[in-house]
């Protein structure tokens, strides 16, 4: 299936952009001056490298040092600074997780911060150096069997070019722009997995409390109201959201706790693991989970039911009818966590992909990208007020549930001329919340010399 075409602007030259695999997605993007961005990032790395060498060579006293050398990093942290050795599969490591653990040591914190920033910049440069084909297009492959949950995975094209375009970080997305005369609409089922968790628990136990909280419009604020009932809630969603944004621990809000820790707890995350993932002290997580599970006791019942199902029959079936056998050890916690995550993630993957197929069959627009729980389309600008409402309507699928309930997952919609988020000053053409009509006009074409380079520092 050929969905659409895109263009890629690489090093000041207009080139093409395609995607191949089970379908060929060829959305037409432009990449704004990746060469210029790389120069900026290289300069930042050089600046940070100079600062780091001064800290290590003059401050710590190492005679020679390279931040790209693992032996040098291990010698720096574990010998010169005396930090306890962190191991991975029995061997000393200074990978990303190890560096995050070292941040608790004040003596290592400035060095770790430099290394994390430099590695992040290096990743951005690697993306901007992504190769294009001789026809000027960059390609990616979608693999329909790339995961165990039914979600697509994305990787290099069949020609060995391109790469994973599903997980491009936000600061780089504005380099992708629509064809002139065309526009993007991105639809994101942001709380989709939470909807599925609530539907699963309702089907199994006739307990709809979590689905009711999700359907309230802001699940994280709804959860905060239940977990901390004495904060002076008003019943008005907008006002209550501002209450939920009050600090709970340091700079973390009540709403953040419900978002990050609630999501991890839904999937059986233990306090130690969640503390590492969120950089919160473990006692904070331990204090949160009892409140959360008291508010939604069906979570633990669902976890127990899933483990029992794996032990007895060895397979699970999603809300959408996808059956998966589990071949790992059935009493292994890793297998049990996979089982818990499978139903909501697999159900949402099927729901999103079926919506994508339905829209493709109607030929209303061009399908640009499938970003796991989100879909991006391109359409002619003058058709926006007709096309976008039709897409919103076609995306929603009603799935019958037990006890007379049904599941309908809504999608947030943003429109714009590039894939980055809208900012009035730095990215006026970015994706902005669609509220029935977009009054914006696309920024005019300008010469290379005068073009504003949109970026995030």
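The values are calculated or read from the model by the stated rules, or taken from the named source; none is laboratory data. All figures in this text were calculated on a predicted structure; none of them were measured in a lab. Positions of Cβ are generated from backbone atoms using ideal geometry, with glycine treated the same way; all protein chains shown enter the neighbour counts.
Things worth noting here:
- Selected residue [under 30 Å from residue 205 (Cβ atoms), surrounded by 14 or more Cβ atoms within 10 Å (Cβ to Cβ) and at pLDDT 90 or above] from 400, 410, 428: 410
- Test: residue in region 373-383 that is assigned by TED's automatic domain parsing to the domain that holds residue 207, surrounded by fewer than 22 Cβ atoms within 10 Å (Cβ to Cβ), over 22 Å from the mean Cα position of the chain (by Cα) and part of a helix (DSSP H, G or I): no
- The sole residue among 312, 301, 294 that is closer than 21 Å to residue 328 by Cβ and at pLDDT 90 or above is 312.
- Checklist (1) at pLDDT below 85; (2) out of contact with any helix residue (DSSP H, G or I) (no Cβ under 6 Å at 6 or more places or on another chain); (3) assigned to a loop (DSSP other than H, G, I, E, B) applied to residue 180, failing item: (1)
- Selected residue [touching a helix residue (DSSP H, G or I) at 6+ places or on another chain (Cβ under 9 Å) and within 23 Å of residue 146 (Cα to Cα)] from 323, 358, 291: 358
- Test: residue 279 is at negative phi and in contact (Cβ under 8 Å) with a residue 40 or more places away in the chain: no
- 2 or more residues over 24 Å from the mean Cα position of the chain (by Cα): qualifying helices (runs of 4 or more DSSP H) within region 261-343: 282-295, 298-312
- Residue match in region 356-366 (condition: part of a strand (DSSP E or B), in the same structural domain as residue 416 (by TED's automatic domain parsing) and over 26 Å from the mean Cα position of the chain (by Cα)): no
- Selected residue (only one of 232, 202, 160, 198 is at positive phi and either in contact with a strand residue (DSSP E or B) (Cβ under 8 Å, 6 or more places away or on another chain) or assigned by TED's automatic domain parsing to the domain that holds residue 306 (or both)): 232
- Region 131-141: number of residues that are crowded, with 20+ Cβ neighbours inside 10 Å and either at pLDDT 80 or above or under 19 Å from residue 175 (Cα atoms) (or both): 5
- Across region 236-260, the qualifying residues are those that are part of a helix (DSSP H, G or I) and in contact with a strand residue (DSSP E or B) (Cβ under 7 Å, 6 or more places away or on another chain), and the one among them that is farthest from residue 296 (Cα to Cα) is 244.
- Qualifying residue in region 398-417 (condition: more than 24 Å from residue 269 (Cα to Cα), without any contact (Cβ under 8 Å) to a residue 40 or more places away in the chain and part of a helix (DSSP H, G or I)): yes
- The single condition among (1) crowded, with 16+ Cβ neighbours inside 10 Å; (2) assigned to a helix (DSSP H, G or I) that residue 233 does not satisfy is (2).
- Options 81, 73, 37, 57: the member that is within 33 Å of the chain's Cα centre (by Cα) and within 16 Å of residue 111 (Cβ to Cβ): 73
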